[in-house]
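J.: Got a structure for you, written out below as structure tokens; questions coming shortly.
No lab work stands behind these numbers, since they all come straight from the coordinates. Quantities reported herein were computed from a predicted structural model and do not represent experimental measurements. Here Cβ is always computed from backbone atoms with ideal geometry, including for glycine, and neighbour counts include all displayed protein chains.
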């Protein structure tokens, strides 16, 4: 699957639906996540799309939020099945995920492509384990799964980080990564509007401030 798409100034209904799902899952707002999942499936998300977003959540909000969100998705799907709604299953990854040193190499390459340069930080030097976890688990295990394209993964990540107070630095970084994979500033402004209308004002404000800082640096 191509990891970038043609530049656009809008987000389609499916892309917009990713944002509140990611935000409510990260915030642990299960009641509103239920509604967002229903709306997302109605907007064209497959079961695989929704599941991938909620699996990816663990890297940004932890396993408890990810597990709780996945359990809610299962409830939503069962309720829809009982109503006679047949949601498209979607795809599984088209290739095996590497292991060991091959996984670390793949994750390092993915991270470099997403960031636009080899990633470095004093934090990585102070705690090399976190650098390896980022490369192997996030950019390797997750971003090697090609059944969800990178633009969708970044829309989800921005939605998640916008919902988390105290993650502004990471949110700004992912605004830049979003633009590196072909999401335009106009689309990111629309994402902030989706947060304003469907999530809450604080998440929208964090997104707008991070986008302003990211575009200023570019």
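J.: Peptides 85-94, 105-114: what's the order by average Cβ count within 10 Å, highest mean first?
T.: Answer by packing, highest mean first, reads 105-114, 85-94.
J.: Average projected area of the Cα convex hull of the chain, in nm²?
T.: Dividing the Cα hull surface by four gives the mean projection, 11.7 nm².
J.: Let me have the 222 nm mean residue ellipticity of the chain computed from DSSP H runs of 4+ only, each contributing -39500 (n - 2.57), with the sum over all residues rounded to the nearest 500.
T.: Result for the chain: -21000 deg cm²/dmol, rounded to the nearest 500.
J.: Which of rounded, prolate, oblate describes segment 76-203, given a ≥ b ≥ c as roots of the alpha-carbon gyration tensor eigenvalues and a/c under 1.5 marking rounded, otherwise prolate only if a/b is larger than b/c?
T.: Taking the square roots of the gyration eigenvalues as a ≥ b ≥ c, segment 76-203 is oblate.
J.: Here is a follow-up. Using a ≥ b ≥ c from the Cα gyration tensor of segment 120-176 (square roots of the eigenvalues), is it rounded, prolate or oblate, where a/c under 1.5 gives rounded and otherwise the larger of a/b and b/c decides, a/b for prolate?
T.: The shape class here is oblate.
J.: Cut-off is 10 Å between beta-carbons; in what order do 47, 181, 123, 19 appear when sorted fewest neighbours first?
T.: Least crowded to most crowded, the residues run 123, 47, 181, 19.
J.: Okay, moving on. For the chain, with a Gaussian network of springs between Cα atoms less than 10 Å apart, report the residue from 100, 116, 44 with the top mean-square fluctuation.
T.: Looking only at 100, 116, 44, the biggest GNM fluctuation is shown by 100.
J.: Oh, and also: Would you work out if segment 63-102 is rounded, prolate or oblate? Take a ≥ b ≥ c from the square roots of the eigenvalues of the alpha-carbon gyration tensor; rounded if a/c is under 1.5, else prolate when a/b is larger than b/c, oblate otherwise.
T.: Taking the square roots of the gyration eigenvalues as a ≥ b ≥ c, segment 63-102 is oblate.
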